[in-house]
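Data first, discussion second: the structure below is written as structure tokens.
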Amino acid sequence: RYTNLHIATSNSPLKGGKLSVYEGGIRVPLIFQWKGKIKQGKWSHVPVDCNDIFPTLLELAGKDVKQVYSEQRIDGRSLTPLLKDVNNTQNAYERDTFIWHYPLNLVYTNPDDNLPLTPHSAIRVSNYKLIVDWYGRLKLFDIDTDILEENNLAGKMPEKTRELFMALCSWLDNNVEDRYLAHPNPD
């Protein structure tokens, strides 16, 4: 059953919508136009993150991005290498890990079971993405072969699931205040 919220946030045919860590909630187009600097009609399928926009603009403005990285904590990486090498064949765009964390209960239902969407997190390393919700469920997907996120590989690939889960937990412990993490209800 779809509500107006589902229709308004749909990124069909991808699963989920805004406020979720499924591809329908996090996969959106990013377009650059710069006359005389960026060739028209080029497409890149390299995943990037909105945090990459700030260091990209810094570099395009002539700032030494490596110096900024050393002085400030910046999650993003400059996208300027992708403006010329759209397939990243030179591996100059160095990001292959992406993390999302939504610590709020939302007025949105999980596309898998229509239960309320509880706080949830996800990590993507290369083509594998692990989704963790506060019900304690782990869902592992190979985004390259299953962009619709229909085939949960967690049971078939326990080592990869554990590897990504541990990396996600480590990142959450080091980057998220305790009040935004899951804890048992004392009541």
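Of the helices (runs of 4 or more DSSP H) lying entirely inside the stretch 1-82, the ones with 2 or more residues being among the small types (Gly, Ala, Ser) are found at 23-26. Beta carbons closer than 7 Å, at least 6 apart along the sequence or on distinct chains, pair a first residue in the stretch 115-131 that is within 18 Å of Pro47 (Cα to Cα) with a second that is crowded, with 23+ Cβ neighbours inside 10 Å and among the small types (Gly, Ala, Ser) for Lys129/Ala122; Leu130/Ala122; Ile131/Ala122.
Do we find a residue being open to solvent by less than 60 Å² (accessible area, probe 1.4 Å), of a type in the set (Val, Ile, Thr) and touching a helix residue (DSSP H, G or I) at 6+ places or on another chain (Cβ under 7 Å) anywhere in the stretch 62-71? Yes: the stretch 62-71 contains one or more residues that are open to solvent by less than 60 Å² (accessible area, probe 1.4 Å), of a type in the set (Val, Ile, Thr) and touching a helix residue (DSSP H, G or I) at 6+ places or on another chain (Cβ under 7 Å). Checked against the criteria, Arg77 does not count as without any contact (Cβ under 8 Å) to a residue 60 or more places away in the chain, closer than 22 Å to Val176 by Cα, among the charged types (D, E, K, R) and open to solvent by 100 Å² or more (accessible area, probe 1.4 Å). Does the stretch 82-107 hold any residues that are touching a residue at least 12 places away in the same chain (Cβ under 8 Å), over 20 Å from the mean Cα position of the chain (by Cα) and open to solvent by less than 80 Å² (accessible area, probe 1.4 Å), and which are they? Within the stretch 82-107, just Leu83 meets the criteria. Please verify whether the stretch 46-60 includes one or more residues that are open to solvent by less than 80 Å² (accessible area, probe 1.4 Å), modelled with pLDDT under 85 and farther than 19 Å from Ile123 by Cβ. Within the stretch 46-60 (the criterion being open to solvent by less than 80 Å² (accessible area, probe 1.4 Å), modelled with pLDDT under 85 and farther than 19 Å from Ile123 by Cβ), the answer is no, since none of the residues qualifies. Of the residues Tyr69, Tyr22, the single one that is at pLDDT below 90 and of a type in the set (Ser, Thr, Tyr) is Tyr69.
The residue of the stretch 31-74 that is farthest from Val176 (Cα to Cα), among those that are of a type in the set (S, T, N, Q) and more than 23 Å from the chain's Cα centre (by Cα), is Gln40.
The values are calculated or read from the model by the stated rules, or taken from the named source; none is laboratory data. What you are looking at is a predicted structure, and each value in this text was computed from that prediction instead of being measured. Because the Cβ atoms are built from the backbone with ideal geometry, glycine has one as well, and the counts that use them run over all protein chains shown. Surface accessibility is based on the protein's heavy atoms, side chains included, excluding ligands, DNA and RNA. Shrake-Rupley method; radii C 1.70, N 1.55, O 1.52, S 1.80 Å.
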